[in-house]
Amino acid sequence: MSNYNKDFEIKCSIIRGGTSKGIYIMENELPKEQELRDRILLAIFGSPDVRQIDGLGGADSLTSKLAIVGPSSREDADVDYTFGQVSITESFIDYGGNCGNISSGVGVFAINNNLVKVTEPITKVRVHMTNTNRVLTLEVPVKDGKAEFRGDYKIDGVPGTGAKITLDWSDVVGGITGDLLPTGNPRDIIKVEDEEFELSIVDAGNIVIFIEADKLGLKGTESSNEIDSDKELLKKIERIRGEVCCKLKLVDSWEEAQIKTPYQPFFAIVSKAADYIALNGEKVSKDNLDIVSRLLFMQKMHKTYPVTGTVATGAVARIKDSVVYNLLKDEVKTGVEVKIGHPGGIIPIKVRASYPNDRCKIEELVVCRTARLILEGRVFVNI
């Protein structure tokens with residue numbers, strides 16, 4: 001890379017979106033040249049450095065997230081939004097997928113930066129997600145012309161309550177590969193050396209791989225420490241993920257997946273509803289959920305559950321004979337909501353599907369989140 005040796009002063013906001021936290025920047029604050037832009041963005045976060053000590057990143061994959069927002073390039077949307085997963089330890093930003101939690105803060109940022117016409121008490125914001133060229137529709141509470149943060153809606157994994165933001169993901173199916181089922185199959189067999197693994201691959205929000213916990217010798221209710229400390233398990237998971245990447249032609253060899261597409265596909269380990277203890281020490285009852293999932297991205301287990309993973313889980317729950325569908329009770333298979341048990345608690349998703357010519361067509365995917373503006377200011381970097 002070139003040595004620019006320049007100082008930059010960038011206006012930005014830090015917003016907690018759902019169970020993640022990101023840095024939000026107006027597109028016109030950044031140079032158009034991609035190499036220079038990425039150098040500035042990495043410096044803003046303090047990457048590469050395991051502590052991100054010289055930047056705004058939080059040294060955690062759930063806080064090393066970027067949203068670039070600007071006026072829409074499409075007539076059917078209000079704003080353009082580009083998501084970036086900023087590597088903590090490498091000089092790399094992965095623009096290959098979406099982040100649903102960070103997406104929930106895009107409406108807040110757009111409203112507070114006068115990118116959309118504001119109506120009270122709810123402003124609808126149509127977000128063109130440039131990563132996948134799909135449109136996400138947000139409904140954001142507004143008070144006195146600004147996004148309202150106070151409310152009584154509670155999401156597991158975040159202290160306190162906030163104003164409910166509705167995210168309609170109905171347009172995202174097949175956004176990366178062109179099809180809900182990239183392989184055309186509800187279940188596939190992936191071979192790794194002398195083992196075979198049955199799994200489902202779905203493209204809705206992001207590409208997500210679903211596998212039953214017992215196929216990996218797990219209960220399905222393991223904590224992040226139990227998963228992340230099992231190096232042999234993580235190697236096996238990354239090998240399976242790499243083979244799926246090859247199958248989808250995202251890479252030429254499985255070894256390249258961790259380098260070229262570390263963010264996605266996500267890897268979800270699923271099991272039937274069961275009791276377990278959440279991160280906050282509270283009991284999660286099997287009577288309050290429909291399926292348990294532990295999801296990995298960036299080679300680590302998510303401490304709660306990503307919204308795009310929720311969207312994919314809701315979609316796969318309507319695909320007959322998929323790994324997730326076969327774990328659900330009959331009344332959940334035909335219902336309008338799926339409640340997913342994750343390490344931080346439970347996240348529900350509203351989902352409707354139809355079956356023209358016996359193929360699953362997703363009609364509705366709706367998730368609710370909260371978001372809060374934490375900081376507005378300027379960040380100074382030298383590169």
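Under 9 Å from the Cβ of Ser271, count the other residues' Cβ atoms, weight Lys and Arg +1, Asp and Glu -1, and hand me the total.
Net charge around Ser271: +1.
Of all trypsin sites (Lys or Arg not before Pro) in the stretch 1-104, which ones are in loop regions per DSSP and have a Cβ with at most 11 other Cβ atoms within 10 Å?
Passing sites in the stretch 1-104 are Lys6, Lys32, Arg51.
Provide Rg over Rh for the stretch 188-359; use the alpha carbon set for both Rg and the Kirkwood Rh (inverse mean inverse pair distance).
Over the Cα atoms of the stretch 188-359, Rg/Rh equals 0.95.
What is the local net charge at Leu375, summed over the other residues whose Cβ is closer than 13 Å to its Cβ (Lys, Arg +1; Asp, Glu -1)?
Surrounding charge for Leu375 is +4.
From the helices alone, meaning DSSP H stretches of at least four residues, give me the mean residue ellipticity at 222 nm for the chain, per-run term -39500 (n - 2.57), in deg cm²/dmol to the nearest 500.
Estimated from H runs of four or more residues: -5000 deg cm²/dmol.
Amide H to amide H under 5 Å from Val323: which residues, 5+ apart in sequence or cross-chain, H placed 1.01 Å off N in plane?
Residues meeting the criterion, in which the H sits 1.01 Å from N, are Ser200.
Neighbour counts of other C-beta atoms within 10 Å: give me Ile40, Ile10 arranged from fewest to most.
Exposure proxy ranking, most exposed first: Ile10, Ile40.
None of the figures in this text is laboratory data; all of them are computed from the coordinates on show. Since the structure is predicted, the reported quantities are computational estimates derived from the model, not experimental observations. Positions of Cβ are generated from backbone atoms using ideal geometry, with glycine treated the same way; all protein chains shown enter the neighbour counts.
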